[in-house]
Amino acid sequence: MRWELPATLLLALPFQQIGVQAFLCRGHHIVPILKSIQNQPLQSAVDDIEPYVGPVGSMGDMEGGIVVGELALQVLVAPSLVAPGKGLFLCIYDDIDDDGGDTEEIGAVEEIIIPQGTPICGYARGYFADEAEEDGDKSVGFLFAGENVADVTAVFYNKQLMTLSDALWTVYQERCEEGNTDTSNLLFGHCVQISNETGVSIQADTDFMSRIFIPDVKEEDKFSPTSLGIYANDLAFDPDSNEEQYFENSERNNILQLVWRLAKDEKTGMVVPTWPVVVTKQDIRFLNTVPMEVGLQYGFNYWNAVLTEGASKYIK
């Protein structure tokens, strides 16, 4: 049986409301991911989506995780197969008879197809600081730069997946209704210009320093839905590859992406980041009921700093 996420559910699905069940097993600069969000549940024809194949783990090695019921997906944590420490694994959840239904009548899930931009889990809760910790390989920079970046960068705002441009327009229009057209403090750590003629342009505020998100996960939350993304490794790293080869590897091997969850600060009226969310970078097809390790792109500059300076900075 094939499982496809309905388009209406994809567009309305806020991560914090995804139905999850606690599951214990036996024994970052955000890269733009969207050309268009609205009414585009699948970017590829179903038959053109190659099944995901990644490093294969063992269910017996899984240490914890969750079940995302709407996706028929298990999100699991176990020792990584590609890097020191833990890794993030995904596989089909085919035990759909939890409520005592007739399993034979329903049929086991043999395949799931998850559209681009679907939330899988949270990255981590944490705080913002001026710089990453000395061994801060899981820190994430909150920095938007580049031409038209607001129009091609996805964010979660008001429990919806939208472009950064749409989120800023929403807050700006609310300000205008109150007689305030100031954009100087519209976005945390950035200078924003916004108009009907030129759209939304963004530059980093060079006087602002506290833009590094430092994960801070308590022991009791290490396998919670909000914290699993921190275990995702970069499956594209090769110390012998150049920048072009790195991004080619990343396009081929990394299927996840970080997207910022934003909120409006009611005191200042500013759009502020809360925490990153892990979403699918592309349309994904799963046939595996055994866990396979999945990854997300850390960035070439991240790995270049590791090789040349001996220490990581933060995910861009």
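Every read-out reported here was derived from the displayed coordinates using simple, explicitly stated rules and does not represent laboratory data. Computed from a predicted structure; not experimentally measured. Here Cβ is always computed from backbone atoms with ideal geometry, including for glycine, and neighbour counts include all displayed protein chains.
The table that follows gives values for the structure above.
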| item | result |
| --- | --- |
| For the range 64-83 versus the range 246-313, the gap between their alpha-carbon centres in whole angstrom | 16 Å |
| Lys, Arg +1 and Asp, Glu -1 on Cβ, resulting dipole of the range 162-316 about Cα centre, debye, nearest 20 | 260 debye |
| Rg over Rh, two decimals, the range 157-200 (C-alpha only, Kirkwood Rh) | 0.94 |
| The range 157-287: relative contact order in percent, alpha carbon pairs under 8 Å with at least 6 residues between | 21 percent |
| Normalised contact order of the range 119-187, rounded percent, pairs of Cα under 8 Å and 6 or more residues apart | 16 percent |
| Cα pair distances of the range 221-268 binned at 5 Å [whole percent] | 5, 16, 17, 15, 14, 13, 10, 5, 4, 1 |
| Cut-off under 5 Å, modelled amide H: who pairs with Arg261 long-range | Phe156, Thr274, Trp275, Val277 |
| Net +/- balance of residues flanking Ile92 in space, Cβ distance below 9 Å, scoring K and R +1, D and E -1 | -3 |
| Gyration tensor verdict on the range 221-316 (Cα atoms; rounded if a/c is under 1.5, prolate if a/b is larger than b/c, oblate otherwise) | oblate |
| Quarter of Cα convex hull surface for the range 135-275, i.e. mean projection, nm² | 11.1 nm² |
